[in-house]
């Protein structure tokens, strides 16, 4: 049962721009905003017994018993990394409550004093094989249409540079530097800029798409209408999900996500012997421990070690 110490009818904040949730989200990249708003919605619904969403919930009235109970509820249902992300969103909103004068410093520090969750689960998702990559690209090429070239370029960018789906749709034509084979990722996760470099094969697919798209200023990847006309405007990251799902189905492959392509990029670099610090920079990870989790070599070493054993049969 969720805590019930909260008021029955919280008064709305005025103006809306001063709401601690909006202030917190405004500090994040567009891709992170949606994910963490969903986390805040989940927590608000549970703590209010489904009465209020994130923007109606009186976060400033939370106290230590509430956040402790919330943490316990989350731990029962989600992986440690997910819980820690949810708690980080909670702490972020409470910090804005304090900054906006809605919560005293003493109450703020007591309320956020809940420990992070220890433990690690196996990474979800999968690595996309070379055969699957070739099948998708061949399928798109054989279609010989603007949408086919666009989808091949999208797929090649994701698997050949490791960019996130929110980052790939945010790329502008001007962010691509053919002479240096690199892309300028602006305001990525954590609102950080970085340079990423394209694998040689990926650049070939991008050039084929640009020959169809043209050199008009605007987003690097664009929608294509049913008549095959390129519309120079930004795609949504939801469109990326739809395209990958569609192409995997057409190729008769098991489903994969945009993050699976990012996982493939990182794993392949580590398998190729690239040092983890360089891979961390290319992936845009804030901590090297995140990058290490993608390293498959440890599992291969364990597998080979056990293969040396001989059980009589």
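Considering segment 258-284, the residues that are out of contact with any helix residue (DSSP H, G or I) (no Cβ under 7 Å at 6 or more places or on another chain) and assigned to a loop (DSSP other than H, G, I, E, B) include one that is nearest to residue 182 (Cα to Cα), namely 274.
Go through the residues of segment 111-125 one by one and say whether even a single one is modelled with pLDDT under 95 and closer than 30 Å to residue 204 by Cα.
Yes, segment 111-125 contains a residue that is modelled with pLDDT under 95 and closer than 30 Å to residue 204 by Cα.
Being in contact with a strand residue (DSSP E or B) (Cβ under 8 Å, 6 or more places away or on another chain), crowded, with 16+ Cβ neighbours inside 10 Å, in contact (Cβ under 8 Å) with a residue 24 or more places away in the chain and not in a helix (DSSP H, G or I) is true for just one of 196, 212. Which residue is that?
Details: 212 fails: not in a helix (DSSP H, G or I).
Exactly one of 196, 212 is in contact with a strand residue (DSSP E or B) (Cβ under 8 Å, 6 or more places away or on another chain), crowded, with 16+ Cβ neighbours inside 10 Å, in contact (Cβ under 8 Å) with a residue 24 or more places away in the chain and not in a helix (DSSP H, G or I), namely 196.
For segment 226-240, indicate whether the set of residues that are under 19 Å from the mean Cα position of the chain (by Cα) and under 17 Å from residue 197 (Cβ atoms) is non-empty. Within segment 226-240, none of the residues are under 19 Å from the mean Cα position of the chain (by Cα) and under 17 Å from residue 197 (Cβ atoms).
Among the residues of segment 34-44, is any within 30 Å of residue 186 (Cα to Cα), outside the structural domain of residue 284 (by TED's automatic domain parsing) and in a loop (DSSP other than H, G, I, E, B)?
Going through segment 34-44, the residues within 30 Å of residue 186 (Cα to Cα) turn out to be 34-42.
From the residues that got through so far, the ones that are outside the structural domain of residue 284 (by TED's automatic domain parsing) too are 34-42.
Then keep just the ones that are in a loop (DSSP other than H, G, I, E, B); that gives none.
No, because not a single residue in segment 34-44 is within 30 Å of residue 186 (Cα to Cα), outside the structural domain of residue 284 (by TED's automatic domain parsing) and in a loop (DSSP other than H, G, I, E, B).
Do the conditions hold for residue 117, that is, is it under 30 Å from residue 272 (Cβ atoms) and assigned to a loop (DSSP other than H, G, I, E, B)? Let's see the steps before the verdict.
Values: under 30 Å from residue 272 (Cβ atoms): no; assigned to a loop (DSSP other than H, G, I, E, B): yes.
No, not satisfied.
When segment 215-234 is filtered for residues that are touching a residue at least 40 places away in the same chain (Cβ under 8 Å) and surrounded by 11 or more Cβ atoms within 10 Å (Cβ to Cβ), the ones remaining, listed by number, are 218, 219, 220, 221, 222, 224, 228, 230, 234. Here residue 49 clears all of (1) touching a helix residue (DSSP H, G or I) at 6+ places or on another chain (Cβ under 7 Å); (2) over 28 Å from residue 240 (Cβ atoms); (3) without any contact (Cβ under 8 Å) to a residue 60 or more places away in the chain except the condition numbered (1).
Being assigned by TED's automatic domain parsing to the domain that holds residue 139 and closer than 22 Å to residue 127 by Cβ is true for just one of 210, 171, 220, 241. Which residue is that?
Criteria check complete, one pass: 241.
For segment 58-78, a tally of residues being in contact with a helix residue (DSSP H, G or I) (Cβ under 7 Å, 6 or more places away or on another chain) and in a helix (DSSP H, G or I) returns 10.
The values are calculated or read from the model by the stated rules, or taken from the named source; none is laboratory data. None of the values given here were measured: they were computed from a predicted structure. Every residue, glycine among them, receives a Cβ derived from its backbone with ideal geometry; neighbour counts consider all protein chains shown.
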